[in-house]
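This report refers to the structure that appears directly beneath it.
The values are calculated or read from the model by the stated rules, or taken from the named source; none is laboratory data. Note that the coordinates shown come from a computational prediction; the quantities given were computed from them, not determined experimentally. Neighbour counts are summed over all protein chains in view; Cβ atoms, including those assigned to glycine, are modelled from backbone coordinates with ideal geometry. We work out accessible area using only protein heavy atoms, side chains counted, and drop any ligands, DNA or RNA first. Shrake-Rupley method; radii C 1.70, N 1.55, O 1.52, S 1.80 Å.
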Amino acid sequence: MAHLTTNPADKERFLCIYPSYINSKKTLAEGRRIAAEKGVENPSCTEIRDVLVAAGLNVLVENKMYPREWNRDVQFRGRVRIQIKLEDGSLCQDKFSSRKDVMFYAAEMIPKLKSRTQKSGGAEAGSQPGDGGKKGKKKKK
């Protein structure tokens, strides 16, 4: 690790967070780092990025795979890098003093995103007409 600098403001010194770290569907062996009750179901890199950018943090998204992730689909790709320390070593924001603070905050805020709340409502409404159509086809046979 000799290539790393000691400057906490360098991009290679930012914290790395993979979506698996806060995924409530994962086990500890699969890479979850926080309690399942505090996690969020199947988060994506873009959701983590949106929440942390809204909190005022400097965030980068990289197209990397989590080594423990067995599924190689595009939706499971990505990692988020977050700057929590300035060049002088002081914290960017006092409420984010560690990696765990950032993970807990992201897991708490992702379910409140508009994309999460609209998806659940749309899925329920979409399934009802589909069921009605299937019943009608059975009657015709």
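Determine whether the stretch 18-28 contains at least one residue that is surrounded by 19 or more Cβ atoms within 10 Å (Cβ to Cβ), in a loop (DSSP other than H, G, I, E, B), among the charged types (D, E, K, R) and in contact with a Lys or Arg (Cβ under 8 Å, 6 or more places away or on another chain). Explain how you work it out, then say what you get.
Going through the stretch 18-28, the residues surrounded by 19 or more Cβ atoms within 10 Å (Cβ to Cβ) turn out to be 18-23, 26.
This time we only want the ones that are in a loop (DSSP other than H, G, I, E, B), so: 18, 26.
Okay, now just the ones that are also among the charged types (D, E, K, R), so 26.
Among the residues that remain, those that are also in contact with a Lys or Arg (Cβ under 8 Å, 6 or more places away or on another chain) are: 26.
Yes: one or more hits.
Does the stretch 1-17 hold any residues that are open to solvent by 20 Å² or more (accessible area, probe 1.4 Å) and not polar (S, T, N, Q), and which are they? Step through it out loud before you land on a result.
Taking the stretch 1-17 as the starting set, the residues that turn out to be open to solvent by 20 Å² or more (accessible area, probe 1.4 Å) are 1-13, 15-16.
Once the filter is applied, which keeps residues that are open to solvent by 20 Å² or more (accessible area, probe 1.4 Å) and not polar (S, T, N, Q), the stretch 1-17 yields Met1, Ala2, His3, Leu4, Pro8, Ala9, Asp10, Lys11, Glu12, Arg13, Leu15, Cys16.
If we keep just the residues of the stretch 65-81 that are open to solvent by less than 40 Å² (accessible area, probe 1.4 Å) and in contact (Cβ under 8 Å) with a residue 24 or more places away in the chain, which is farthest from Ala55 (Cα to Cα)?
Ranking the qualifying residues of the stretch 65-81, first place goes to Glu69.
Would you confirm whether or not the stretch 30-41 contains a residue that is modelled with pLDDT under 85, among the hydrophobic types (A, V, I, L, M, F, W, C) and either over 20 Å from Leu15 (Cα atoms) or touching a strand residue (DSSP E or B) at 6+ places or on another chain (Cβ under 8 Å) (or both)?
No, the conditions are met nowhere in the stretch 30-41.
Might you let me know whether the stretch 98-115 holds any residue that is over 24 Å from Lys26 (Cα atoms), of a type outside the set (Asp, Glu), open to solvent by less than 70 Å² (accessible area, probe 1.4 Å) and modelled with pLDDT under 90?
no
Please work out which residue is farthest from Tyr21 (Cα to Cα), limiting yourself to the stretch 43-64 and to residues that are open to solvent by 40 Å² or more (accessible area, probe 1.4 Å), part of a helix (DSSP H, G or I) and aliphatic (A, V, I, L, M). Steps first, please.
Step one: filter the stretch 43-64 for residues open to solvent by 40 Å² or more (accessible area, probe 1.4 Å), giving 46, 49-50, 53-54, 56, 58, 60-64.
In the following step, the residues that additionally are part of a helix (DSSP H, G or I) were identified as 46, 49-50, 53-54.
Narrowing the set further to residues that are aliphatic (A, V, I, L, M) leaves 53-54.
Values: Val53: 18, Ala54: 20 Å.
Filtering the stretch 43-64 for residues that are open to solvent by 40 Å² or more (accessible area, probe 1.4 Å), part of a helix (DSSP H, G or I) and aliphatic (A, V, I, L, M), the one farthest from Tyr21 (Cα to Cα) comes out as Ala54.
Between a first residue in the stretch 82-94 that is among the charged types (D, E, K, R) and a second residue that is open to solvent by 50 Å² or more (accessible area, probe 1.4 Å) and at pLDDT below 85, which pairs have beta carbons less than 8 Å apart while being 6 or more apart in sequence or on different chains?
Lys85/Arg13
Would you confirm, using the coordinates I've provided, whether Lys38 is open to solvent by 50 Å² or more (accessible area, probe 1.4 Å), within 17 Å of Phe104 (Cβ to Cβ) and among the basic types (Lys, Arg)? Break it down into steps so the answer makes sense when it comes.
Working: open to solvent by 50 Å² or more (accessible area, probe 1.4 Å): yes; within 17 Å of Phe104 (Cβ to Cβ): yes; among the basic types (Lys, Arg): yes.
So Lys38 passes the test.
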